[in-house]
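Here the structure comes first, spelled out in structure tokens, and everything after it is commentary.
Just so you know, all these numbers are worked out from the coordinates, no wet-lab data involved. None of the values given here were measured: they were computed from a predicted structure. Here Cβ is always computed from backbone atoms with ideal geometry, including for glycine, and neighbour counts include all displayed protein chains.
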Amino acid sequence: MKLYYFADPHGNFGDDLNPWLWKKLAPSLMNEDEMELFIGIGTLLNHRLPSAPIKHVFGSGVGYGNLPERNGRLIIHALRGYESARLLGEDKRKVITDAAILVRAVDYPRAPIKDKEYGFIPHTLSSQYYDWSGVCDDLGIHHVSAQWNVERVFREMTRCKVMVCEAMHGAIIADALRIPWIPAVCYDYISAFKWGDWLSTLDLPYQPSVITSLYDPERNSLPVPRLKNKVKRGFARIGIAPTNWTEPPPAKTGMKERARATLELKAALNRPPQLSKDSIIESHTNRYLDLLDQFSRTHPIIQKT
């Protein structure tokens, strides 16, 4: 059975949890046999799923593209949230929560002490658009990048007493590890549907602090590409850009916008953080462990080993 997940070339903590976590929890289930796929963490239930293989869904959800083909080969063991179940026409009893909660059942790197009052983890795409570490430095808070490897993210998050999270899996892991957290949104590509889907399983609302979008995506580019993009933006503004041109990245944000975003992030720190109830998080964790144990004992791959 092959693990199916999205491997972001820039790194994405939530997606990258898949090979790290499932290798620890169910090593004997995973191999490179593409006749069956294991679909765990991520918004993966859409039309891009391969049609032919049998697909076992353990905690994934809906959110991008069209719904997946229902041809008898999509076997849903657990879903991320109630909205995913509704759209798929599945019994709500299939809903547990996001499968990343299972980090509670494995060993993970953790800081020896909590030496940071606040941490901020932007969405991985947000880190491509702007270097948010500078904004964090201005406020004296700890920047955590969703582009870092999984174990580094664990170490840096566990240094913090409270996490401000634009990255949804930053919030999922914070909640799982009992780190109080505050939701935030800096860009319009953040999916309120995905957040609501997950939070529906925790009886928590999605009420993020809104922070001004910042852009400097060309900060690591060479001078010639930067000049080309500047020309493209200029032609686009006056409406004469050729149709075959690729869209240039946004222009660098000014200091006025950065100052506004800094104040908005500072205001977010004054909000009361939230955390799901211990009883809910324990129940979800145990349900997943029982389900995975049952699946591991009954699946043909296990019987052959």
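Which of GLY63, GLY89, GLY40 ends up with the largest GNM mean-square fluctuation for the chain, with Cα atoms connected below 10 Å? Most flexible of the set in this elastic network: GLY89. Cross-link partners for LYS161 among the aspartates and glutamates, with Cα-Cα distance under 15 Å and sequence neighbours closer than 8 places in the same chain left out: ASP115, GLU117, ASP175.
Residue-wise HN-Hα couplings along segment 155-171, as the Karplus relation 6.51 cos²θ - 1.76 cosθ + 1.60 with θ = phi - 60° gives them from phi, are 4, 6, 5, 6, 7, 9, 7, 9, 10, 9, 10, 8, 5, 4, 6, x, 5 Hz; Gly and Pro carry x.
From the coordinates of this entry, Cα extents along the principal axes in Å is computed, and it appears in [x] 62, 50, 33; [y] 80, 48, 31; [z] 49, 46, 37 under the label [x].
Note: relative contact order over the chain, using C-alpha pairs below 8 Å and six or more positions apart, is 17 percent. For the chain, the mean residue ellipticity at 222 nm estimated from helices alone is -11000 deg cm²/dmol, where every DSSP H run of n ≥ 4 contributes -39500 (n - 2.57) and the total is divided by all residues, rounded to the nearest 500. For segment 139-181, the residues whose backbone nitrogen is under 18 Å from a point 7 Å from the Cα of LYS266, taken along Cα to Cβ, are 139-143, 164.
If you fit an axis through the alpha-carbon atoms of helix 13-25 and take the longest principal axis of the Cα set of the chain, what angle between them do you get, 0 to 90°, nearest 10? Result, in degrees: 20. So what's the angle, to the nearest 10 degrees on a 0 to 90 scale, between helix 278-298 and the longest Cα principal axis of the chain? For helix 278-298, the angle is close to 50 degrees. Rg and Dmax over the alpha-carbon atoms of segment 36-154 stand at 18.0, 54 Å.
Kindly provide the GluC sites (Glu not before Pro) of segment 1-42 that DSSP labels as loop, not H, G, I, E or B, and whose Cβ sees at most 11 other Cβ atoms within 10 Å. Here the sparse-neighbourhood loop sites are GLU32. Using a/c under 1.5 as the rounded threshold, could you call segment 46-102 rounded, prolate or oblate? The axes a ≥ b ≥ c are square roots of the C-alpha gyration tensor eigenvalues, and prolate needs a/b larger than b/c, oblate otherwise. It is prolate, given that a/c is not under 1.5 and a/b is the larger ratio. Taking a ≥ b ≥ c as the square roots of the eigenvalues of the alpha carbon gyration tensor, segment 128-215 is oblate, as a/c is not under 1.5 and a/b does not beat b/c.
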